[in-house]
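Structure first, then comments.
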Amino acid sequence: MPFIKNIPSHSAGDAELIAAYRQSGDLSLLAAVYQRYMDLLYGVALKYLGDPEAARDAVMAIFEELAQKLLKHEVENFKGWLYTLAKNHCLMQLRSAKRMRTGEFDPDHMQTGEELHLNGVFEKEQQLDKLSKCLESLSPEQKTTVELFYLQHKCYKDIGAMTGLEWNKVRSYIQNGRRNLKICMEQQELNIQPIVKIK
């Protein structure tokens, strides 16, 4: 890989180089450690992302993320920690890509055609700004349950366990939150202020 090719090799161990980087902020020290694991990271990224170009981009992005995180966190098992960082980075990329695409949801998560329409809205990039503003207009319970249901794809039972709410309360908050979101989104399209909110 062409990335970080001109970094001189060091005989120092990972821990020594990382400690020196944390003290000095010298990226060449971090790069000297990083290049030891680039083949491993490229393999991880390729496995998850399935595209060589995306995998190369991920290896560079992980280095940038690593440079920030190592200044804040002490790491004992660098190789294991780096592997986990790379895996999480790739999973976040996949989740982001999935949200951008219009896809099918598990039928168990579906209630009505109105929800299918809302799922489509969630996955359209141009609607995200409006959606974010409308989410903030919901009550805290509606906002939490709607985000868990639609964005994190949790079922009613899981949401109840996470929030301590009864199943019928979860269902009510999601349904009313969905209606309020739909109203808010439509009103934003018409550029008018919300008039009615369902409690």
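When the chain is fully extended, how far beyond the present Cα-Cα distance does Ser137 get from Leu151, taking 0.36 nm per residue of separation?
Length gained between Ser137 and Leu151: 3.4 nm.
Whenever you get a sec, line up Trp167, Trp81 from highest to lowest accessible area (probe 1.4 Å, protein heavy atoms).
Order by accessible area, largest first: Trp167, Trp81.
In what order, largest first, do Ile183, Ile159 sit by accessible area if the probe radius is 1.4 Å?
Sorted descending by solvent-accessible area, the residues read Ile183, Ile159.
Run the quick spin-label model on Glu64 and Lys47: label points 7 Å from Cα toward the beta carbon, then report their separation in nm to one decimal.
Computed distance between label sites Glu64 and Lys47 equals 2.5 nm.
Report the gain in length on full extension from Trp81 to Ala54: 0.36 nm times residue separation, minus Cα-Cα distance, nm rounded to one decimal.
Answer, rounded to one decimal: 7.6 nm.
How do Asp26, Asp14 stack up against each other in accessible area, from largest to smallest, with a 1.4 angstrom probe?
The ranking, largest first, comes out as Asp26, Asp14.
For the pair Arg179 and Glu16, what calculated FRET efficiency results from E = 1/(1 + (r/R0)^6), where r is the Cβ-Cβ distance and R0 = 41 Å, to the nearest 0.05?
0.10
With every protein chain present, what is the per residue accessible area of the range 35-104 (1.4 Å probe, Å²)?
64
Can you give the accessible area of Tyr156, probe radius 1.4 Å, in Å² rounded to 10?
Taking all protein chains as shown, Tyr156 has close to 30 Å².
The values are calculated or read from the model by the stated rules, or taken from the named source; none is laboratory data. Keep in mind that what you see is a predicted model, and the values were worked out from it rather than measured. Positions of Cβ are backbone-derived with ideal geometry, glycine not excepted, and every protein chain shown enters the neighbour counts. The area values use the complete protein model at the heavy-atom level, side chains included, leaving out ligands, DNA and RNA. Shrake-Rupley method; radii C 1.70, N 1.55, O 1.52, S 1.80 Å.
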